[in-house]
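Engineer: A single structure is presented below for examination.
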Amino acid sequence: MNIKILSNFTKGFLTNSEIDSEIDNANKAREILHSKTGGGKEFLGWVDLPMRTESKEIEAIEEAASEIQNQSEFLVVVGIGGSYLGARAVLEATTSPFSVYNKDKKSVKILYAGHHIDSEYHTELLEFLKDRDFSVNVISKSGTTTEPALAFRSLLALSEKKYGKDGTKKRIYSTTDSKKGALKKLSDEYGFKTFVIPDDVGGRYSVLTPVGLLPIASAGKDIRSLHRGALELEESFKHQSGTENIACMYAALRNALYKKGKKVEILVNYNPKMHFIAEWWKQLYGESEGKGHKGIFPAGVDFTSDLHSMGQYIQDGERFLFETVFNMETPSKDMTIQEFQGDPDGLNYLAGKTLSYVNSKAIQGTKLAHHSGGVPNIEIQFKDLSEKTIGQLIYFFEYACGVSGYMLGINPFDQPGVEDYKNNMFALLGKKGYESKKAEVEKKLSEL
Ligand code: PA5
């Protein structure tokens with residue numbers, strides 16, 4: 001296992017008996033998860049998804065990825081929320097920010113669309129693609145989400161203009177429900193190659209389905225290792241409970257801290273490639289747990305950058321925070337700090353040391369300072385940023401989220417709250433069926 005959970009820096013905030021009692025609760029929640037007796041039980045397909053994924057499915061995804069690599073320089077991934085964040089998290093974590101792509105047709109550069117409605121971004125994207133070869137992977141489980149559907153319209157139009165109807169058919173890949181939704185209908189009509197999101201896997205738990213795997217494979221990443229990492233944890237978690245099960249341990253610690261008034265969890269990374277892991281995690285936990293006026297608010301910071309912005313608040317602001325700190329054991333690359341003649345910057349005392357050594361001391365120093373300032377830390381030690389470890393991290397967080405949600409007494413697999421903004425927006429936009437709501441929304445707006 002490439003992940004460990006450490007609780008040393010919760011000392012002074014949690015007693016052993018408080019932790020033990022939450023471990024008991026985590027075990028009960030784990031039972032609910034495995035016996036499929038809790039809320040949202042029809043969306044537990046992700047629990048044994050790695051085991052159920054057949055090698056022919058992986059082969060089909062790899063085949064499509066290789067078609068995309070052969071015909072295009074860019075793949076535009078159109079999706080929002082769970083239909084976008086997982087792929088981006090894995091890709092940013094496993095890719096050098098300076099990588100050259102598609103030199104040998106073994107990868108494409110991934111661009112994103114439909115993850116917001118900003119007009120400048122989408123106009124600039126179309127301008128950029130006009131003279132470049134691109135394919136599109138449009139992803140929507142419901143097939144009716146406004147943001148990606150709007151982006152897809154314009155990309156489809158550009159593709160037809162550039163490649164004609166037949167060319168477009170070969171360049172658009174859709175990932176959607178097996179039977180229903182506008183995207184499924186449209187894909188059948190146009191003859192796009194289509195991948196299926198299983199009925200029993202919700203959006204934010206779908207990164208290990210074609211939702212994540214097709215973009216990840218297209219970017220040249222090893223989806224077999226990603227899958228293997230997740231499978232290893234699925235197999236372990238089937239038999240492990242209590243402190244032996246790292247997901248139960250994490251769920252127990254965060255719930256114990258929540259009960260002590262620590263209502264905000266900040267996921268901390270010291271490796272900028274992990275920024276989008278935190279974005280994915282924020283959605284997973286925020287959308288799963290924030291219900292019935294309950295739930296830990298998930299936030300994220302990138303250290304040491306944000307020590308120069310958010311650091312002051314974390315050290316010294318309101319004391320309702322705890323941190324969950326990523327600590328990577330072995331960076332795949334390192335560099336030695338050089339001697340500087342005359343020591344003009346005063347850093348020669350570090351000459352001969354590595355940059356990762358300095359980062360590790362920053363981690364220790366910060367954990368200690370924040371702990372002393374009233375911010376307990378849970379630590380997630382992980383081996384590296386390989387596809388296999390990332391696969392383990394994904395499964396670990398999904399499992400811990402299911403357990404945590406059941407500990408909280410909510411259904412971690414629905415998201416009723418996200419409908420409210422949509423209803424107001426549709427009413428204001430004059431969507432059919434929202435006529436009476438329009439007057440009500442406009443009245444409320446004018447009163448504020
Ligand atoms: O986790 C979820 O269910 C959501 O974040 C969805 O993934 C998101 O709203 C996109 O939905 P869809 O895939 O139906 O377009």
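Just so you know, all these numbers are worked out from the coordinates, no wet-lab data involved. Nothing here was measured: the structure is a model prediction, and the numbers come from that model. As a convention, Cβ positions derive from the backbone with ideal geometry for all residues, glycine included, and neighbour counts pool all protein chains shown.
Engineer: Over the chain, what is the percentage of antiparallel beta bridges among all DSSP beta bridges, to the nearest 5? Mind showing how you got there, number by number?
Structural biologist: Working: 6 of 43 bridges.
Bridges in the chain that DSSP calls antiparallel: roughly 15 percent.
Engineer: Against the longest alpha carbon principal axis of the chain, how many degrees, from 0 to 90 and to the nearest 10, is the axis of helix 223-239 turned?
Structural biologist: Helix 223-239 and the main axis of the chain meet at about 60 degrees.
Engineer: Moving on to the next point. Compute the acute angle (0 to 90°) between the alpha-carbon long axis of helix 387-408 and the principal axis of greatest extent of the alpha-carbon atoms of the chain; round to the nearest 10°.
Structural biologist: 80
Engineer: Which value, in Å³ per residue, describes the convex hull spanned by the Cα atoms of the range 366-448?
Structural biologist: 239
Engineer: May I ask for the net charge around residue 265, where only other residues with Cβ less than 12 Å from the Cβ of residue 265 are counted and Lys, Arg are +1 while Asp, Glu are -1?
Structural biologist: Numbers: positive: 254, 262, 263, 282; negative: 289, 323.
Overall, the nearby charge balance is +2.
Engineer: Given the -39500 (n - 2.57) contribution per DSSP H run of 4+ residues, what per-residue ellipticity at 222 nm results for the chain, rounded to the nearest 500 deg cm²/dmol? Don't skip to the answer; put the middle values down first.
Structural biologist: Numbers: 16 runs with 222 residues, N = 448.
Helix contribution divided over all residues of the chain: -16000 deg cm²/dmol.
Engineer: Okay, next question. When averaged across all projection directions, what area in nm² does the alpha-carbon convex hull of the range 252-296 cover? Walk me through the numbers before you get to the answer.
Structural biologist: Values: hull surface 14.1 nm².
Taking the Cα atoms of the range 252-296, their convex hull projects to 3.5 nm² on average.
Engineer: Stokes-Einstein at 4 °C, 1.567 mPa s, Kirkwood radius from Cα pairs: D for the range 174-254 in µm² s⁻¹? Working shown, then result.
Structural biologist: Working: Rh = 15.1 Å.
The Stokes-Einstein estimate is 86 µm²/s.
Engineer: Can you tell me the dipole magnitude for the range 183-256 around its Cα centre, using point charges on the Cβ only (Lys, Arg +1; Asp, Glu -1), in Debye to the nearest 20?
Structural biologist: Magnitude of the dipole: close to 220 debye.
Engineer: How big is D, in µm² s⁻¹, for the chain by Stokes-Einstein at 10 °C and 1.306 mPa s if Rh is the Kirkwood radius over C-alpha pairs?
Structural biologist: The Stokes-Einstein estimate is 68 µm²/s.
Engineer: I'd like the orientation of helix 85-94 relative to the chain: the angle between its Cα long axis and the longest Cα principal axis, in ° from 0 to 90, rounded to 10.
Structural biologist: Once rounded, one gets 60 degrees.
Engineer: Can you bin every Cα-Cα distance in the range 27-77 into 5 Å intervals starting at zero and give me the percent of pairs per bin, rounded to whole numbers?
Structural biologist: Here the calculated profile for the range 27-77 is 4, 16, 15, 13, 11, 11, 11, 8, 7, 3, 0.
Engineer: At 1.306 mPa s and 10 °C, plugging the Kirkwood radius over alpha-carbon pairs of the range 1-129 into Stokes-Einstein gives what diffusion coefficient in µm²/s? Show your work: numbers first, answer last.
Structural biologist: On the way: Rh = 19.5 Å.
Stokes-Einstein gives a translational diffusion coefficient of 81 µm²/s.
Engineer: Next up: With the Cα gyration tensor of the range 166-321 in hand, convert its eigenvalues to equivalent ellipsoid semi-axes via √(5λ) and list them largest first in whole Å.
Structural biologist: On the way: eigenvalues 256, 80, 60 Å².
They are 36, 20, 17 Å, listed from largest to smallest.
Engineer: Just check the range 302-395 against the gyration tensor rule for me: Cα atoms, a ≥ b ≥ c as the square roots of the eigenvalues, rounded for a/c under 1.5, and otherwise prolate or oblate depending on whether a/b exceeds b/c.
Structural biologist: On the way: a/c = 2.81, a/b = 1.20, b/c = 2.35.
The shape class here is oblate.
Engineer: If you place +1 on the Cβ of every Lys and Arg and -1 on the Cβ of every Asp and Glu, how big does the dipole about the Cα centre of the range 131-237 come out, in debye to the nearest 20? Working shown, then result.
Structural biologist: On the way: 18 positive and 14 negative charges, 98 e Å.
The dipole of the range 131-237 has a size of about 480 debye.
Engineer: Further question on the same structure: Report the trypsin sites (Lys or Arg not before Pro) located in the range 317-416 that are in a DSSP loop and have at most 13 other Cβ atoms inside 10 Å of their Cβ, or state none.
Structural biologist: On the way: sites: 319, 333, 353, 361, 367, 383, 388; in loops: 319, 333, 353, 383.
In loop regions of the range 317-416 (DSSP not H, G, I, E or B), the sparsely surrounded trypsin sites (Lys or Arg not before Pro) are 319, 333, 353.
Engineer: Moving on. What Kirkwood hydrodynamic radius do you get for the range 66-183 when you take the inverse of the mean 1/r over all pairs of distinct Cα atoms, in Å?
Structural biologist: Values: mean 1/r = 0.0682 Å⁻¹.
Every distinct Cα pair counted, the radius reaches 14.7 Å.
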